[in-house]
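One structure is given here, and the rest of the page talks about it.
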Amino acid sequence: MRQPLSIALTKGRILKSTLPLLEAAGIVPAEDAETTRKLRVDTNQPDTKILLVRASDVPAYVEYGGADIGVTGKDVLLEHTGRGIYEPLDLGIGVCQLVVAGRQGAGIDGSGMLKVATKYPQVARDFFDRRGQQVEIIKLYGSMELAPLVGMADVIVDIMETGATLAANGLQVIGEPIHQISSRLIVNKASMKIKHQTIHQLIDDLSGVVGKN
Ligand code: PRP
């Protein structure tokens, strides 16, 4: 018997790419999840609900049991320090790279203090620590590309998909990417035990369609 299931998703790019995967696994929202103002949406499965939360909140919803499972970017997971989450499946969507970028000529030479604007303070600090580069981290919540332009930061650490946003703002990638990013299925540890059959079935179904859409 199928057990009740709640799935935390985020409006926007992740939702758009995740819905076809869920549909192939037999789960279809009962209304347009992109445009609804509701935060909890019914699906064609009587006991399966979709919760619409901010991308950076998906790990917390799953860790604290607000949702049984969720879909979020590896960038968000790298920054999340909680432990109560399994990450059983790379969904192969939302593929991009976490990079350091700056204005032409900007570099990381290990000398002096580098000002780094980012939505990912933990990941950025770890990265520069490993390189012995002293940094001042400026935490931002979006539009990071602006910070070097206005002289507020030397570089940014941000995700790059097509590179169009960097190029439009006269920025370029510095060095190798920090991390390859894609969206992951995450599962609450207790739910994985209690709802073992339903969640494993879903993981199996999703595994079968990943990369085929
Ligand atoms: C992300 C990221 C870049 C952009 C990269 O921003 O922060 O700004 O996408 O994509 P591109 O390489 O294809 O141009 P998003 O649109 O998610 O908004 P945000 O900056 O508010 O997080």
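Overview of values
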read-out: Accessible surface of the chain [probe 1.4 Å, protein heavy atoms]: carbon and sulfur percent; value: 50 percent
read-out: Principal-axis tilt of helix 196-209 within the chain, Cα atoms, nearest 10 degrees; value: 60 degrees
read-out: Accessible area per residue in Å² at 1.4 Å probe, computed on the range 96-180; value: 53 Å²
read-out: Choice from PRO29, PRO121, PRO46 with maximal GNM fluctuation in the chain (Cα, 10 Å cutoff); value: PRO46
read-out: For LEU5, distant residues with modelled amide H under 5 Å away; value: THR48, LYS49
read-out: Estimated [θ] at 222 nm from DSSP helical runs (n ≥ 4, -39500 (n - 2.57)) normalised by residues in the chain, nearest 500; value: -8000 deg cm²/dmol
read-out: Binned Cα-Cα distance frequencies in the range 96-180 - 10 Å width, integer %; value: 20, 60, 20, 0
read-out: ³J(HN,Hα) computed for each position of the range 149-157 - Karplus, 6.51 cos²θ - 1.76 cosθ + 1.60, integer Hz, glycine/proline x; value: 5, 9, x, 7, 9, 7, 9, 10, 10
read-out: Spatially proximal lysines relative to LYS49 (Cα-Cα < 27 Å; intrachain offsets below 8 disregarded); value: LYS11, LYS16, LYS38, LYS74, LYS189, LYS193, LYS195, LYS212
read-out: Alpha-carbon centroids, the range 101-152 and the range 8-73: separation in whole Å; value: 33 Å
read-out: LYS119, LYS16, LYS139, reordered so the largest accessible area comes first (probe 1.4 Å); value: LYS16, LYS139, LYS119
read-out: Gyration tensor verdict on the chain (Cα atoms; rounded if a/c is under 1.5, prolate if a/b is larger than b/c, oblate otherwise); value: prolate
read-out: Antiparallel %, DSSP beta bridges [both residues in the chain], to 5; value: 60 percent
read-out: Burial order of peptide ranges 66-73, 5-12, 110-117 (average beta-carbon count within 10 Å, highest first); value: 66-73, 5-12, 110-117
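The values are calculated or read from the model by the stated rules, or taken from the named source; none is laboratory data. From a predicted model like this one, the values you see are computed outputs, not experimental measurements. Cβ: placed from backbone, ideal geometry, glycine included. Neighbour counts: every protein chain shown. In case anyone asks, the SASA skips ligands and DNA or RNA and just uses the protein heavy atoms, side chains included. Shrake-Rupley method; radii C 1.70, N 1.55, O 1.52, S 1.80 Å.
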